[in-house]
Each structure stands twice: as structure tokens, then as C-alpha cells.
Amino acid sequence: MLKQIKQDLDAINTFGKNPPGLGITRLAYSPEDLAARKLVAQYMVDEGLEVSTDFYGNIFGIRPGLENEPLVLMGSHLDTVPEGGKYDGTAGIVAALAAVRQINKENISTRYPVGIVIFAAEESSRFGQSLLGSRGFTGNLTAKQIESITDLKGKSLKKILEREQDCLRRKYRPYKPTPLKLYLELHIEQGPILERNNKKLGLVQKIAAPSRMSVTFQGCASHSGATPMGLRKDALVTGAHVIIAVERICHNYSQLLKDGTLVGTVGDVKVTPGAMNVVPGKVELLIDIRSTDMDTKSKAVAEVQNYVKDLASERRLDYNIEILEDQEPIALNNEIIATLADICDEMAIPYQRMYSGAGHDAMQVATKYDSALLFIPCGGGLSHNPRETAEARDIALGASVLQKALCHYAEIL
Ligand SMILES: [Zn+2]
């Protein structure tokens, strides 16, 4: 299994491979992403799975059961951020393939069908929105939204999906919507907890959801030499206070949470006009606050907003707050977590229950079907980074757990 996992990882990661040190760039629906999905679709065909595709470019490989439904589905994604790693998403697809290969090898027949899905466009890098494939799959992406979403170059998602259709529909049959018994996703943790605690698997109880906002301060651009300190309306200095406040407020709320996580980040600052000799007239801050607890998150967001209002009036600047996103955290199914914990105990795998700070396709699928998310460690907790690593043997261990869960839920005949 180990050798095959390494081979699959290498083969998939030939697509979008950058010069050494710059990782993988396989943006959603790009030619590299399409090629990677087609390669895995071929692996599915080779394993005897029935391959199909839906309107969103999600690709399914189904291994029939005695009955046609419900389907026990595993999956993840193959698209990456620019200069991303080899394992984010890809590890989950490779593990799902390994689990199915093992079931085939052991000639296991199941009552319910078992499947693999490659969800399209999980990362937000191209469209500014994430989880597009899994949102489409679960009915959480409206036709109106599809019409309004564009990529960074202004290309419409609708047009891109139509082109995808042309490519994929020629090769694969249309996916026949089937109710799911459950959805299982393996993913690298993208954080340092498992490695720090010396655990091999994380069973995710809750997935944090983001609230995102853009805060703009309008001051007055003026000559940096001729405007006295007391007469300035410096938008950037005002924004700097907000950056510090977001850290303080989110730190405080994270301490208050007895169960769960809360984090806050100002990840982007746009300064206008952005010249060394001009007092900055305008600043825009992009703020991302995530938590597993909606109530606490709402309080933190409100406190940041109040801080912005008070600061603007104190410093006599105009301000604007635009809420970009306000999502609900997702709790995953406790019964499935207990079953996965039993499997880990049986296999003597050191595991822990934990939270996910990052969003995953499982959080979309969980809005409609019972879902579980399993984490494996990644080196130094690094992800969305060319130096992202994961051990093939940890992927294999995760695949074995997936296989046991499949056999349990799809019911061996
Ligand atoms: Zn991912």
C-alpha cells in the first residue's frame, strides 16, 4: 500500500509542479487541475469503479453494492493554492483510492455502494470563494451565485463550468444523484496539534467557520513633510490600531471559550496612495475571524466593529464595514466519531478528538448528510506552503481506518 501511495502522490503532483522550492500550483478548473482529476478518474476506471461527473466538475467513482443506495462516499480535493503543497486535499484522494484498492484486493462485496468523489474548486484562491464543488453537490450554490462569481481575471464561473462540461461529459457519464449514508474525508491537519501530541489521527468534532469583513478608513492624503503631526488624518495608523485590537479581542475570546477555538487575523492591508512621502489617505483591512462557537464568534465580531466605530469617531475619520461572509460552524456526527474511535482502538492507533480551524468539503456535505473528517499529521503543522509534508505511512494508516469504516457502513456481505 505504501509504495502505491507514494506513486499516486508523485503522479498527481506532476501536474502543476513549479520549479524546485515553489511547490504546486493547481488552481481550480485550470488545465493542471483538470489533468490531475482525469488521472485519478483513470485510476478509478482501472479499479473497476463507475466514473461519472456532475455540473460542478466533481468526479465520482462508484463501486456498486448489492443495493443501489445509500452511498458510502469518501473524498477530498485536488486543486491547490498558488505555490501550495503536495498533500492538502491530495492526501485524502490518495487515501480513498488506497482504501478502495484494498477492498478490491480482498474481494469484498458490500450491501451498499462505496464511492470516491474528487470535489472541484475547494480552495478560494481563484474565485475568492471556497468549497464551490461541494457547495454545488449539496445544493448550497445557487444559479444566481454561479452567474455572479468570477475568477481573479474576471472570467465567469458559469463560462468556466460550461467548458468543464464540454471536456468531462465527452468522457464520463452524468452523475446520478444518490442519497449518502455518510461522507468520510481524510485530510492533513494543516496545524501542529497532532504532531505536538504525538498522535497519528485526529477525529474532528467541529469545523470552525469564518466571519470575514472588509474595514475601510477614509482619512486625508497629504504631504508627509508639510502636514504637522497633530493635523493629520492618517488612515494607515488608524488601521494599525485595528490590527492590534483584532489580536487582543480574539485572544481574549479564545481564552474565554471552554470548549472550542477562536482565532482572528488581519491578513491583508491595502494602503492608498501607498507612497513614502504621502500621509496615507485610505486603508482597507481584510479581517478573518473563525470559531467553532457561533455565539462567541458573533461577540468577537461585534466587539471589533464597535472598536472600529469608536476609533473612527475619536480620530475623526470616515469608515465603512462590509461583511463579506458570516458562516455557521459545523458539528460533525458523534456516532461516526465513536465508530472511528473504536476502529483506532482496535488497530492501536494513537488518536485524539479535535477541532478544525480550516474549512473543508466535509463541512458542506455535513449540512446535508452525516459526515466525518479525519486528520493525519503534517510536518511542522505547515500547509499552504511548498514545504508542506506528510508521511506516506500516516496516509496508509488513515486509509486503513477509512477501509474499516467503509466495510462497517457499507456492510460486508
Ligand atoms: Zn484542503
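The values are calculated or read from the model by the stated rules, or taken from the named source; none is laboratory data. Quick caveat: nothing in here was measured; it's all calculated off a predicted structure. Using ideal geometry, Cβ is built from the backbone for each residue, glycine included, and neighbour counts are taken over all protein chains shown.
A few points about this structure:
- Number of positions in region 65-85 that are of a type outside the set (S, T, N, Q), crowded, with 24+ Cβ neighbours inside 10 Å and within 16 Å of the ligand (Cβ to nearest atom): 7
- Flag if residue 102 is within 15 Å of the ligand (Cβ to nearest atom) and surrounded by fewer than 24 Cβ atoms within 10 Å (Cβ to Cβ): no
- If only residues of region 272-309 that are assigned to a strand (DSSP E or B) and hydroxyl-bearing (Ser, Thr, Tyr) are counted, the one that is surrounded by the fewest Cβ atoms within 10 Å (Cβ to Cβ) is 272.
- Residue 395 meets all of the listed conditions (1) away from the ligand (no atom under 15 Å from the Cβ); (2) in contact with a strand residue (DSSP E or B) (Cβ under 7 Å, 6 or more places away or on another chain) but one, namely (1).
- Residue that is surrounded by the most Cβ atoms within 10 Å (Cβ to Cβ) [pool: residues in region 310-336 that are touching a residue at least 60 places away in the same chain (Cβ under 8 Å) and small (Gly, Ala, Ser)]: 312
- Residues being in a helix (DSSP H, G or I) and either within 16 Å of the ligand (Cβ to nearest atom) or not assigned by TED's automatic domain parsing to the domain that holds residue 88 (or both) - total across region 158-205: 1
- Members of region 2-23 found to be surrounded by fewer than 18 Cβ atoms within 10 Å (Cβ to Cβ) and assigned to a loop (DSSP other than H, G, I, E, B), listed by number: 14, 18, 19, 20, 21, 22
Listed here are the residues, each with its yes/no results for (1) part of a loop (DSSP other than H, G, I, E, B); (2) more than 15 Å from the chain's Cα centre (by Cα).
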| position | (1), (2) |
| --- | --- |
| 108 | yes, yes |
| 112 | yes, yes |
| 116 | no, yes |
| 124 | yes, no |
| 128 | yes, no |
| 135 | no, no |
| 146 | no, yes |
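- Output for region 367-392, where each listed residue is away from the ligand (no atom under 14 Å from the Cβ) and within 19 Å of residue 197 (Cβ to Cβ): 377, 379, 380, 381, 389, 391
- The residue that is modelled with the lowest pLDDT, counting only those in region 210-250 that are within 30 Å of residue 361 (Cα to Cα) and in contact with a helix residue (DSSP H, G or I) (Cβ under 7 Å, 6 or more places away or on another chain), is 211.
- Taking the listed residues 318, 361, the one that is in the same structural domain as residue 289 (by TED's automatic domain parsing) and more than 19 Å from residue 261 (Cα to Cα) is 318, with no other qualifying.
- Unique residue being within 27 Å of residue 81 (Cα to Cα), assigned by TED's automatic domain parsing to the domain that holds residue 120 and basic (Lys, Arg) when the list is 353, 387: 387
- Residues that are part of a helix (DSSP H, G or I) and under 16 Å from residue 275 (Cβ atoms), drawn from region 223-248: 235, 236, 237
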